[in-house]
């Protein structure tokens, strides 16, 4: 890829993206420019990945073709204000911030600017991320280029912007629910006498294998669940208990609350 990519922000998500892109070899590491206010973090990142660090967000944008804004929502306006004069109509601005609509970015850097809004998640740290993407003023070829960058750390799908806040609960926040589920299963195993470390490994592998079955078989999750539930067996007893405790309803309610919060954040930037 004959492009220069600038990353502004090297926190958990930024680090995952930067390290994955650097290791992918789709772009020379000298063409990956990174700025973060934490100089020590930048130094470690440069040592680990051989990327180029820059002294300011403005310098990062000025020298890049694609700018990935990997900062928290409450920092977006401040950063955009600092870099807007470095943004021209040829550069592509990519954001990973939850809830903030494309029109907010255009309101600061200009309505003619190329904007890509994304919603990645933390499994990007292990190359298994899921990113949703929408864009404006961006050609199909340019969107494909951005997609290739995000595919360095997982899968990518395009989605209508009006659903970007709604999908937050399904992909961006959902790893937290899964981690809680793994922890709860491990706690139950420990209660039964299984060592803690082994319990975590077994629970995590069970979740990983189950997810792969959904993806690779193409079968409905309910059908796969039925395959495990023998008549009068142990699994149907567990399923019955989960239903009695409104397991699925609890998940649906949690996701609804997550979506509500994402929409509320978006309203702050209308």
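We did not get these values from a lab; they are worked out from the coordinates using the rules stated. Everything numeric here is computed off the predicted structure, so don't read it as measured data. Methodologically, a virtual Cβ is constructed for each residue, glycine included, from the backbone with ideal geometry; neighbour enumeration extends over all protein chains shown.
Given 5 Å bins starting at zero, what is the percent of C-alpha pairs of segment 5-166 in each, up to the one with the largest pair distance?
Percent of pairs per bin, in order: 2, 10, 20, 24, 23, 15, 5, 1, 0.
Give, in whole angstrom and from largest to smallest, the semi-axes √(5λ) of the equivalent ellipsoid of segment 113-262, with λ running over the eigenvalues of the Cα gyration tensor.
Numbers: eigenvalues 238, 59, 48 Å².
The answer is 34, 17, 15 Å, longest axis first.
Roughly speaking, what is the centre-to-centre gap between segment 25-55 and segment 94-111 when only Cα atoms are used, to the nearest Å?
If we compute the Cα centre of each part, the gap is 25 Å.
May I ask you to sort 24, 192 by Cβ crowding, counting other Cβ atoms within 10 Å and putting the fewest first? Before the final figure, lay out the partial values.
Working: 24 15, 192 8.
Going from least to most buried by this count: 192, 24.
Between residue 26 and residue 228, how many nm apart are label points set 7 Å from Cα along the C-beta direction?
Distance between label points: 3.3 nm.
Per-residue ellipticity at 222 nm for the chain, helices alone: DSSP H runs ≥ 4 residues times -39500 (n - 2.57), over residue total, nearest 500 deg cm²/dmol?
Values: 11 runs with 140 residues, N = 270.
The helix contribution divided over the chain gives -16500 deg cm²/dmol.
What Kirkwood Rh does segment 131-204 have if only Cα atoms enter the pairwise 1/r average? Answer in Å.
One over the average 1/r among Cα pairs gives 15.0 Å for segment 131-204.
If the label point is 7 Å along Cα→Cβ of residue 81, which residues in segment 89-119 have backbone nitrogen under 18 Å from it?
104-110
Dividing the alpha-carbon Rg of segment 174-266 by 2.2 N^0.38 Å yields what?
Details: Rg = 15.4 Å, N = 93, 2.2 N^0.38 = 12.3 Å.
Normalised Rg, Cα atoms only: 1.25.
Go through 48-61, 256-269, 239-252 and give me the packing order, highest mean Cβ count within 10 Å leading.
In decreasing order of mean packing, 48-61, 256-269, 239-252 become 48-61, 256-269, 239-252.
Under a no-solvent Debye model with one identical scatterer per Cα of the chain, what's log10 I(q)/I(0) at q = 0.07, 0.08, 0.09 Å⁻¹?
Evaluating at q = 0.07, 0.08, 0.09 Å⁻¹ gives log10 I(q)/I(0) of -0.31, -0.40, -0.49.
So how far, in whole Å, is the C-alpha centre of segment 210-270 from the one of segment 60-87?
First find each Cα centre; the distance between them is then 37 Å.
Considering only 22, 199, 124, give the residue with the highest GNM mean-square fluctuation for the chain, with springs between Cα atoms whenever their separation is below 10 Å.
199
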